[in-house]
Structures are given as structure tokens and as C-alpha cells.
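I have placed the structure first, in the form of C-alpha cells, so that the comments after it can refer back to it.
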Amino acid sequence: MASAATAPATTTTSTSATSTGSWSKAAPSWRRSAPTAPTSSGASGRFATPTCGVPRRRSRSSGPGCRSPARRGGHEMSTAVPPRPSQASMRRMLAVLAPMRRWVDPKVSGLENLPSDRGCLIVGNHSLYGVYDLLIATELYRRTGVIARGLFDHDHLRIPVWRDALRAIGGVHGTRENCAELMRQGEVIAVFPGGAREVWKKPGQRYQLLWGERLGFARMAIQHGYPIVPLSQLGADETYDIHFDVDHPLAGPYRAAVDRLGLRRDNVPSFGLGWGPTPLPRSQDAYLHFHRPIETERLAGRHDDRKTLERVRDQVAAAIQDGLQRLAGERARHGNPGVVPRVRRFITGGPQQ
């Protein structure tokens, strides 16, 4: 039995820059080998200027804007740009994620839209709980040889195993300085402007772009003449129904703990149910689409112009939201396998692209 497809309920007033290509197995000619060495929540309000898609955080030991190394247990953790991961490291991650890939059977389209002769900034919607985000990096590498350098939030540096997994596939601490260095190196970069807000979505926020006042990715792209490739990903937001978050009427003790720890209420976990009344995720195939690049070279010198940044941000958001609608339609035509056919597919190893 195939589950019913639910179209993402997001709208936008901006012009979309999307591609209408069908599912594609073709890879761009550019191959990167390892080196030898929205509706957006708050979109109608005023906009701030964070780092490249990642909010600047205040350290307990330094003021805003300082770039002190992160600390955990009294030990410094490097936040500089690490070398591109080796081919062996990427192959290991492919092996680790192979069971997940066989279960969610990623359908990837638009790979031909990735620039074949230069780097680009991939800007996408964050999946609920970040469930499918690692697949973006591994699918790009598996299908094209491209190693995308994902920018991740400071908080990821505090989680040893997760931090190591991100770095194993090219992850980089998402500061403005690191983003600029990657652009100078001509790397393919991936960023999710929604950050933790989209990872910890609240009830009713499925597939919403919770970018708030974030314009940093647009500023960096314009400043460095980097093309932006919008990315739409569908599937993970439907693995759970969110029922409990920090704003729930019964979440008083949770709110008190969050406030006592000095955490932002929009940056803490929400909780939901997946398969029936259990914490097991519902089965949803993964759909990814890379849109046509949005060129920024024509905007040279306007990286500090707010209206220009807002137009670029809105164009990217419109492309992502339009892509989510298209992917929902594609899934409705293909169907989403139930548990029994999914188990059969997992055992036999098909029908992955």
C-alpha cells in the first residue's frame, strides 16, 4: 500500500528560478577528486545579517563576533577550515549510510544544474531532525564525485560522534570567515539558512522555510560572485508528527529549564510521534532536486544593499518552495511504499537510482 502524498503547504510571492527537468541520473562533467594533502517565519519583519546561513553566537568567554575556538570539557576544538575529506573517508561514509539509503531510496534530479567549471553555494531547506541531510553530501559524491562542504552550526561542535561524522563528509564550522575561505578555494558549499529552527520544527511548520531575518548566504554569494543553487528536499518532514514543543501548555518545566540554561526557545528540540504511537519514524522516500543556478556576478558591489539581499533570498526561497510542490506531485505519481514493500526492497537492494 502506498501512503497518500501531502503537498507542502508553503507559499511565496517571489519569482521562482526552478528547473523542470525529470529525474536525472546524468552527472555534471566536473569531478572533484580528493587533494593529496517561504513561507518564511518572520519574513515580513526586519532582517539581520548573520554569518553564512548560521547565526552568530555569543560565547560565555567572549563578546559577539569573536572567533574564539569552541571549548568542551576544557579542551579547544578547532573551528578552522579542515582539508577536504579523502576519497577513503567518503567511501566509508557511503558504507555507513548504505542501509539508510536502501530504506529511503533517494530520488535525485537536477544534477545537470550544478556548474561544471566552478564552485557554487547550495542553499536548501533543512529536514526535520536533520534526518536526511547527510544523504545530500553522500548522494552528490556517489553520483558526481563532488564533495560538498557543508556549513554547520557551532552547537554541532559539542557532539563528538556527530561532529566527526560531519567532518568526515566535508563539514565545516559555519562562520563567515570559513565560508569566505571556501569560496576563495572554489569549493562547492552547502548551507541551510533555517538552521536549528527548521531541524526542531514546531507543530504546523512542516516544510516551512524558517529563515527569519537571515541574509548572510546572499551577502556572501554576492560578495564573492558565487552562483546559488537552490535545493528542495522532500520526505523527512513527514517521518514524524510534532506534538510537543517548548511552547506547549504543559511544557512549563521544559521552558523553565531552557530559560535557566540560557538557551533560545526557538533553538531547542521539539518532540513527536512517528509510526503509530511510537518514536519510530514513518517510512518516507527521499526526494532531492537541484535547481538552476541563480547568478550573482551581475550584483557585484551590492552585497551590503538590503533590498538586493532580500530579493536574492526571496528568489532562492521561491525556487525551493516551488520545488517542494513539484516533488510532492512526483511522489504522488510514483507512490510511497508501505512497510512490507519497503522491507522487500531493502532486502533485494532495489529499485535505487
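The values are calculated or read from the model by the stated rules, or taken from the named source; none is laboratory data. A quick note: this is a predicted structure, and the numbers were derived from the prediction, not measured. In this analysis, Cβ positions are derived from the backbone assuming ideal geometry, glycine residues included, and neighbour counts consider all displayed protein chains.
Identify all residues within the stretch 178-200 that are among the charged types (D, E, K, R) and at pLDDT 95 or above; write none if there are none.
Residues satisfying the conditions are Glu181, Arg184, Glu187.
Restricting the search to the stretch 149-185, which residues are over 21 Å from Tyr129 (Cα atoms) and crowded, with 22+ Cβ neighbours inside 10 Å?
The answer is Asn178, Cys179, Leu182.
Could you list all residues from the stretch 94-112 that are under 21 Å from Ile189 (Cβ atoms) and in contact with a Phe, Trp or Tyr (Cβ under 8 Å, 6 or more places away or on another chain)?
Leu94, Pro106, Val108, Ser109, Gly110, Leu111
Return the residues of the stretch 98-114 that are assigned to a helix (DSSP H, G or I), hydrophobic (A, V, I, L, M, F, W, C) and buried (at least 19 other Cβ atoms within 10 Å of the Cβ); say none if nothing qualifies.
Correct list: Val104, Leu111.
Would you point out the residue of the stretch 273-331, among those that are of a type in the set (S, T, N, Q) and outside any helix (DSSP H, G or I), that is nearest to the chain's Cα centre (by Cα)?
Gln284
When you check Glu213 against the structure, is it touching a Lys or Arg at 6+ places or on another chain (Cβ under 7 Å), modelled with pLDDT under 95 and not hydrophobic (A, V, I, L, M, F, W, C), yes or no?
When the stated conditions are applied, Glu213 passes them.
Give me the pairs: first residue in the stretch 129-158 and part of a strand (DSSP E or B), second residue of a type outside the set (Gly, Ala, Ser) and modelled with pLDDT of 95 or more, beta-carbon distance under 7 Å, and six or more apart or on different chains, which are they?
Close Cβ pairs satisfying both conditions: Arg149/Leu182; Arg149/Glu187; Arg149/Val188; Arg149/Ile189; Leu151/Cys179; Leu151/Ile189; Leu151/Val191.
When the stretch 108-129 is examined, which residues are found to be at pLDDT below 95 and in contact with a helix residue (DSSP H, G or I) (Cβ under 9 Å, 6 or more places away or on another chain)?
Listed by number, the residues that qualify are His126, Ser127, Leu128, Tyr129.
Failed condition for Pro227, given (1) at pLDDT 95 or above; (2) over 13 Å from the mean Cα position of the chain (by Cα); (3) surrounded by 20 or more Cβ atoms within 10 Å (Cβ to Cβ); (4) closer than 23 Å to Ala137 by Cβ, with all others met?
Evaluating Pro227 over (1) at pLDDT 95 or above; (2) over 13 Å from the mean Cα position of the chain (by Cα); (3) surrounded by 20 or more Cβ atoms within 10 Å (Cβ to Cβ); (4) closer than 23 Å to Ala137 by Cβ leaves (3) as the failure.
Within the stretch 186-195, does at least one residue satisfy the condition of being among the aliphatic types (A, V, I, L, M), surrounded by fewer than 19 Cβ atoms within 10 Å (Cβ to Cβ) and either touching a helix residue (DSSP H, G or I) at 6+ places or on another chain (Cβ under 7 Å) or not in a loop (DSSP other than H, G, I, E, B) (or both)?
no
Pairs, please: C-beta under 8 Å, at least 6 apart or cross-chain, first residue at pLDDT below 85 and hydrophobic (A, V, I, L, M, F, W, C) and in the stretch 335-352, second assigned to a loop (DSSP other than H, G, I, E, B) and surrounded by 13 or more Cβ atoms within 10 Å (Cβ to Cβ)?
Here the result reads Val339/Ser283, each pair linking the stretch 335-352 to a residue that is assigned to a loop (DSSP other than H, G, I, E, B) and surrounded by 13 or more Cβ atoms within 10 Å (Cβ to Cβ).
Quick one: in the stretch 313-353, of everything that is of a type in the set (D, E, K, R) and within 23 Å of Ala190 (Cβ to Cβ), which residue is surrounded by the most Cβ atoms within 10 Å (Cβ to Cβ)?
Arg313
Just give me the residues in the stretch 274-319 being of a type in the set (Val, Ile, Thr), over 15 Å from Leu209 (Cβ atoms) and touching a strand residue (DSSP E or B) at 6+ places or on another chain (Cβ under 8 Å), in sequence order.
Across the stretch 274-319, the qualifying residues are Ile294, Thr296.
Quickly run through the stretch 230-249 and pick out the residues that are modelled with pLDDT of 95 or more and of a type in the set (S, T, N, Q).
Answer for the stretch 230-249, where residues must be modelled with pLDDT of 95 or more and of a type in the set (S, T, N, Q): Ser232, Gln233.
In the stretch 219-250, which residues are farther than 20 Å from Pro279 by Cα, part of a helix (DSSP H, G or I) and hydrophobic (A, V, I, L, M, F, W, C)?
If the condition is that a residue be farther than 20 Å from Pro279 by Cα, part of a helix (DSSP H, G or I) and hydrophobic (A, V, I, L, M, F, W, C), then Met220, Ala221, Ile222 are the ones that fit.
Would you say Arg149 is more than 25 Å from Thr296 (Cβ to Cβ) and among the charged types (D, E, K, R)?
Criteria not met by Arg149.
Among the residues that make up the stretch 92-111, is at least one of them β-branched (Val, Ile, Thr) and over 30 Å from Gly225 (Cβ atoms)?
Scanning the stretch 92-111, I find at least one residue that is β-branched (Val, Ile, Thr) and over 30 Å from Gly225 (Cβ atoms), so the answer is yes.
For the stretch 197-218, give me each residue that is over 16 Å from Arg176 (Cβ atoms), of a type in the set (A, V, I, L, M) and either touching a Pro at 6+ places or on another chain (Cβ under 6 Å) or assigned to a helix (DSSP H, G or I) (or both).
Val199, Leu209
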